[in-house]
Each structure stands twice: as C-alpha cells, then as structure tokens.
Amino acid sequence: MENFSQMLEGSLKTLHTGETVTGTVFTIGENEIKLDLGAKFTGVLTKEQITDDPNAKLADMFKVGDEVEVFVIRVEDGKGLATVSKKRVDADNSWVVIKEAYDNGEILEGKVVSAIKGGVLLAYEGNNVFIPASQTGVAKGGDLNALVGTTQRVKLIEFDAQKKKALGSIKVIINAEKRAAEEAVWATLEVGQHFMGTVKNLTNYGAFVDIGGVDGMVHNTELSWKRIKHPSQVVSVGQQIDVFIKELDVEKKRISLGYKTQEMDSWYKFTQQYKEGDVVSAKIVSLMPFGAFAEVYEDVDGLIHISRISTQRINAPSDVLKVGDVVDVKIVEIDDENRKLALSIRALVEEAERAAAAEARAAEKAQREAEEATEAERLAQERADMAPYIVGSI
C-alpha cells in the first residue's frame with residue numbers, strides 16, 4: 001500500500017515552467033544529457049545550458065546516477081519532455097555568493113568576457129559583474145579590450161539585490177595591494193641605503209625615482225656637482241641609476257635621494273691629480289673686466305686675475321686673450337673649501353724670464369771663466385816658452 005501510494009503520488013506530479021527541480025542523470029551524450037525528473041518527465045539538458053566552455057566534455061563532468069539541480073525552461077506534456085538549465089540554477093546560487101561577498105567585503109575572481117560602453121563585464125559562475133572603466137585599472141582613454149579573456153580579482157562596490165546588479169572594482173584591489181607593498185618597503189628603509197632605481201618622472205626641480213615600490217626625489221643639486229637647469233641634462237625617464245637615501249620622513253612618506261658621489265665630482269678628481277705650483281693647459285671660457293676664467297679640468301674653472309695675465313700693464317683681459325684660446329697656466333692657489341682656483345700666466349712668463357736671465361748669467365759666467373782659463377793657459381805657455389832664455393842669462 002505504501003509503494004502504491006508513492007507511485008500514485010508520482011503519477012499525479014507535474015512540472016511547471018520556472019520551477020527548480022532535481023533530476024538523476026541516466027544518459028550522457030556529446031552535446032546533451034538526459035535526466036529523470038520523476039512524474040514521467042525526462043529533462044533535456046544541453047551543453048549550452050551547462051557551460052560556456054565549448055571545449056568542455058560532458059562525460060568528464062557527469063556520470064550516470066549523478067543528481068543535478070536544474071531550472072525548468074519549457075515543459076512539453078504530450079511528449080513528457082522538459083527543457084532544463086543548470087546554468088540558471090548556478091547563476092541563482094552564485095548570486096547568493098555574490099551578495100555574501102558584497103556584505104562581507106570579500107574578493108571574487110572571474111574572467112573578463114567583454115568590453116562594453118563604459119566598462120567591462122566579468123563573468124562569475126553564470127552572472128556578470130560590471131566594472132566601470134574608471135575601476136578597471138586601465139589608464140583613462142586606454143584600450144579596455146586588453147582585459148578581455150584575462151582572469152581578474154574584483155571587490156564589489158555596489159549591489160542591487162532587487163535588480164540583481166553588481167558593480168565591481170579591480171582598481172581598489174590594485175591600490176590596496178600597492179599600499180601594502182609600499183608599507184612593507186617603508187618598514188625596511190634606512191638612511192644611507194643604496195638602490196638601483198628607475199627614473200619615473202622629471203620636473204623642473206628634480207627627478208622622481210622608483211626604488212622598489214616607493215618613489216624618492218633626487219633634487220637637481222643632487223644630480224650633478226655643477227649647476228644644471230633641468231634634470232634631463234643628467235638623466236632620462238626609464239634610466240637605471242644608483243641612488244642612496246639621504247633623508248627619510250616615514251610619517252610624511254617622503255624620501256630624499258642622493259645621486260652624485262665623490263667619485264663623480266670633477267673638483268675631487270682634479271684635486272687628486274693636481275696641486276699648487278703645477279702647470280696645466282687651460283682653455284679660456286669667458287672674459288670679465290677683472291680677469292679671465294679658464295677650464296683646467298672637466299667642469300673645473302679657475303680665475304686668471306687681470307694682474308696675473310701679463311707682465312705688461314693691460315686695460316682688459318681681451319687685450320691679450322680671447323675665448324677659446326688654450327694657454328699654459330700655473331696653479332697658484334687651490335681653495336678646497338670654497339672650490340675656487342687661482343691661476344696665473346704671468347707667473348710662468350716671469351719664471352721663464354728669470355730662467356732666461358739665470359741662463360744668461362750662467363752663460364756669461366761660463367764664458368768669463370773660459371776666457372780666464374784661456375788667459376791663464378796663455379800666460380803659462382808664455383812662461384814656459386821664455387824659461388830657457390831666463391836660465392841662460394843667469
């Protein structure tokens with residue numbers, strides 16, 4: 001009687017469009033599976049109503065006897081058939097997951113399926129999450145199609161339960177991860193640390209350099225020992241440079257970087273090679289009323305005061321010099337503290353004159369001594385020649 005009652009109840013059971021029912025797999029084909037839905041109805045579940053993957057194999061997804069929850073799309077009472085959809089049930093179930101993710105601030109992962117006006121659509125278990133262009137992480141005006149086909153992680157920023165609409169953001173996650181990475185880097189920074197950084201941006205006053213997740217500023221005065229008008233005179237965007245932390249303000253998130261080193265300093269290299277009293281070749285680079293500036297080493301200029309240009313009185317340096325002239329000069333003073341250099345042409349001329357005078361005096365002395373020696377030799381010979389006669393007379 002109990003079995004009869006169950007059979008009677010089953011024979012009277014019907015299906016209605018819009019219902020969600022559970023069926024048992026009894027046939028698996030290449031493009032569809034058939035389900036026993038009870039009530040003398042067979043459910044037809046096509047591949048398109050199971051998955052969006054055209055390469056999926058139903059035999060790998062199901063086996064005979066599996067129970068599958070499906071949504072009834074259409075019922076054909078006369079044939080005992082019902083067209084059903086698993087995707088619809090999955091979508092309804094995933095919508096619950098999406099709502100929970102929104103409520104809990106959780107992250108969802110899905111594939112971007114298309115780029116539409118104003119943003120992209122991300123598929124998540126049968127439902128689409130709209131991601132506005134401003135939340136994609138793509139630069140303004142960039143190509144959103146570059147995201148299509150990629151797997152992205154999103155955080156829901158808006159949710160409408162009644163309309164079943166969800167808005168997500170990739171950018172929020174990118175920014176959060178970037179901040180976390182930056183905090184991790186900040187925790188390791190110390191004054192004096194060296195980094196091989198990448199120049200990211202140039203301004204009139206310096207260069208911003210990425211030192212591995214955070215940016216620091218290299219001021220123009222730190223880019224070169226000589227005065228520069230713009231950082232592009234020394235570095236370019238994308239260039240890798242060796243920098244070190246000069247100052248660090250963790251609270252304000254500011255990093256002052258140094259770039260120039262003593263080894264890069266032309267003045268340092270010059271003073272290691274030359275000393276006061278040395279003679280060097282110099283190129284006249286500018287003329288002033290009080291003297292001439294001459295380059296004696298790369299980026300190292302010295303002043304030849306007007307009083308040290310010539311042994312003769314001149315009214316202006318241009319009387320005897322012009323820009324571009326290459327002359328020998330003597331280093332008469334090195335002011336290391338103020339990085340100033342005093343040069344002299346006159347000192348060399350006077351030294352040359354003194355040397356010439358000394359040479360003349362030496363030659364005159366040598367000539368006089370030679371003449372005296374010759375005279376002494378003549379007298380000696382004369383006495384020798386006269387000696388026999390002197391003896392005979394005695």
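Listed values, structure above:
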| quantity | calculated |
| --- | --- |
| Number of positions in segment 143-176 that are on the phi < 0 side of the Ramachandran plot, part of a loop (DSSP other than H, G, I, E, B) and loosely packed, with under 15 Cβ neighbours inside 10 Å | 6 |
| Qualifying positions in segment 48-61 - part of a loop (DSSP other than H, G, I, E, B) and either of a type in the set (D, E) or surrounded by fewer than 17 Cβ atoms within 10 Å (Cβ to Cβ) (or both) | T51, D52, D53, P54, N55, A56, K57 |
| Segment 211-239 residues that are closer than 17 Å to D265 by Cβ, paired with ones that are of a type in the set (G, A, S) and part of a loop (DSSP other than H, G, I, E, B) (beta carbon under 8 Å, 6 or more apart) | Q233/S224; V234/S224 |
| Filtered residues of segment 222-252 (kept if charged (D, E, K, R), surrounded by 12 or more Cβ atoms within 10 Å (Cβ to Cβ) and in a loop (DSSP other than H, G, I, E, B)) | K226 |
| Of all residues in segment 126-142 being exposed (fewer than 15 other Cβ atoms within 10 Å of the Cβ) and either of a type in the set (G, A, S) or closer than 21 Å to D90 by Cβ (or both), the one that is farthest from the chain's Cα centre (by Cα) | S134 |
| Residues satisfying the stated conditions in segment 192-212, i.e. in contact with a Gly (Cβ under 8 Å, 6 or more places away or on another chain) and either part of a loop (DSSP other than H, G, I, E, B) or closer than 18 Å to A181 by Cα (or both) | F195, G197, T198, V209, D210, I211, G212 |
| When residues of segment 1-42 are limited to those that are small (G, A, S) and at pLDDT below 90, the one nearest to the chain's Cα centre (by Cα) | G18 |
| Selection within segment 304-328 - in contact (Cβ under 8 Å) with a residue 40 or more places away in the chain and more than 13 Å from M288 (Cβ to Cβ) | T311, G324, D325, V326, V327, D328 |
| Filter result (among the basic types (K, R), closer than 27 Å to S266 by Cβ and exposed (fewer than 14 other Cβ atoms within 10 Å of the Cβ)) within segment 291-326 | K322 |
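The rows are residues; the columns are (1) part of a helix (DSSP H, G or I); (2) modelled with pLDDT under 85; (3) surrounded by 14 or more Cβ atoms within 10 Å (Cβ to Cβ).
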site: V72; (1), (2), (3): no, no, yes
site: K87; (1), (2), (3): yes, yes, yes
site: D90; (1), (2), (3): yes, yes, yes
site: Y102; (1), (2), (3): yes, no, yes
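The values are calculated or read from the model by the stated rules, or taken from the named source; none is laboratory data. Quick caveat: nothing in here was measured; it's all calculated off a predicted structure. A quick note on method: Cβ atoms are made from the backbone with ideal geometry, for glycine too, and the neighbour counts reach across all protein chains shown.
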